[in-house]
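Values quoted throughout were computed directly from the atomic coordinates according to the rules given, and no laboratory measurement underlies them. What you see is a predicted model, and the numbers here were worked out from it, not measured in a lab. Quick reminder, even Gly has a Cβ in these numbers, built from the backbone with ideal geometry, and neighbours come from all protein chains shown.
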Amino acid sequence: MLLTNANLATMDGENPYGLIPDGNIVLRNDRIEWVGPNDGLPGIYSSEQREDLDGRLVTPALIDCHTHIVHGGNRAIEFEMRLNGASYEEVARAGGGIVSTVTATREADLDSLIASALPRLDTLISEGVTTIEIKSGYGLDVETELRMLRAARALEKLRPVRVRTSFLGAHAVPKEYQGRPDDYINDVCIQALRTAHEERLVDAVDGFCEGIAFTPQQIERVFEVAKSLGIPIKLHAEQLSNIGGVQLAAKYGAMSVDHIEYANEADVMALAESGGTAVLLPGAFYTLHETQHPPLEHLRKYNVPIALATDANPGSSPLTSLLLTMNMACTLFRMTPLEALTSATRNAASALGLNDCGIIRAGLRADLAIWNVEHPAELAYRMGFNPLHRRIFGGEL
Ligand code: DI6
Ligand code: FE
């Protein structure tokens, strides 16, 4: 298929957006075969089936590289409790927080987990997302962690989307292990990781390195197992404090470190050295009323690739719009619209270790988004408006 008369933001090369104002793309099966200016179209393509895009903007399809969309229940009640003045402690005593989602997820069977995730997935797909990362981490026992990952894999068969899974057994200590985090890591988390890997359910291993979760030493035990199994890693790091998460992740060559509001210059230098991607999550920053901004100037100074994601989860980021995420990154973190679009395409692919998507380039996947806008900046500019015209997944409109 030949897409003609398109304003291409290829996100390739060094010039802003990799713009080709009057561009063409030749698709063959699930790949891009040729991309370039209309007046440079090779004659061999002149008889291809054409689709005139009337000058619409075409970008790489969006990639949501950090989500928790598989989970049971929701946390609207505690949202209301907090806004009626309840403290976090009162919410926790009432069984709120991650614990309440763990309870609801353990009670949900596979079909329920799939059914409750589908509307969240469909919302993301409706905004041009073709690749999505989905984490476990609300089971915190072997069987439920496996069931979450099976649900994530099942979603890929139910929708035209590519799913990458991350094992997040080291997300929180379940109530039956309260006060015994090391036992939980040894007896449950590492066991669940090994079993999930044997069932080919794990594309990456993640963790939550934070005062309210796990120490770098505890996370390192999980990373050692991931390394022995040859599984790439990523880490929720420096979200609420600085306890050495980014340094640990950099030491293990993590694909990404995520949140990182409290990362300092030395952390960013270590990340730059290791070649990892910084995933910023403005949805959690906004929901938690965080005041500490991620170190954008240091990330720019050391040329660390920056990605964005919704962090769609029922507690700290009940957000299922990557376009709104881009707007929040600009307004709250002062990223530019160019950085925001690069963060939801090219750099989001890097955060998942994918080198076949996120850029419009010959040879890469034909995953594209066609927008009813004239300039790429419009994608981060609006709030609550979806200008998607068509989505192409693996060459299929
Ligand atoms: N950081 C967060 O903000 C979420 N998980 C994490 O590692 C919180 C998840 C929840 O509140 O359900
Ligand atoms: Fe998260």
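At-a-glance table
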read-out	value
Charge dipole of the chain about the Cα centre (unit charges at C-beta), most positive-ward option of Thr291, Thr165, Gly384	Thr165
Sequence-distant residues sharing a close amide H with Gly72 (under 5 Å, placed H)	Thr105
Environment charge at Leu299 (Cβ cut-off 11 Å; Lys +1, Arg +1, Asp -1, Glu -1)	-2
Whole-angstrom Cα spans of the chain along principal axes, big to small	69, 47, 44
Neighbour-count ranking [beta-carbon atoms within 10 angstrom, fewest first] of Val205, Val279, Val91, Val26	Val91, Val26, Val205, Val279
Region 236-363: antiparallel DSSP beta bridges as a percent of all, rounded to 5	10 percent
Net charge over other residues, Cβ less than 13 angstrom from the Cβ of Asp206 (K, R count +1; D, E count -1)	-3
Candidates per trypsin sites (Lys or Arg not before Pro) in region 185-280, loop by DSSP, up to 14 other Cβ within 10 Å	Arg200
Cβ-based exposure ranking for Leu124, Leu168, in which fewest neighbours within 10 Å come first	Leu124, Leu168
Simple Cβ-charge dipole of region 15-123, Lys/Arg +1 and Asp/Glu -1, about Cα centre, in debye nearest 20	300 debye
Descending semi-axes in whole angstrom, ellipsoid equivalent of region 1-138, from the Cα gyration tensor	47, 17, 11
Additional length obtainable on full extension of the chain from Asp39 to Glu396, 0.36 nm per residue less Cα span	126.0 nm
Whole-Hz ³J(HN,Hα) from phi, Karplus 6.51 cos²θ - 1.76 cosθ + 1.60, for region 119-135, glycine and proline x	x, 5, 5, 5, 5, 5, 4, 5, 9, x, 7, 10, 10, 9, 9, 10, 9
In Hz, Karplus ³J(HN,Hα) per residue of region 285-298 (6.51, -1.76, 1.60; θ = phi - 60°; x = Gly, Pro)	4, 5, 5, 8, 6, 5, 10, 7, 7, x, x, 4, 4, 5
Signed unit charges on C-beta, dipole axis of region 34-102, positive-most listed residue Gly43, Leu57, Phe79	Phe79
Estimated 222 nm signal from helices in the chain, with DSSP H stretches of n ≥ 4 weighted -39500 (n - 2.57), rounded to 500	-10000 deg cm²/dmol
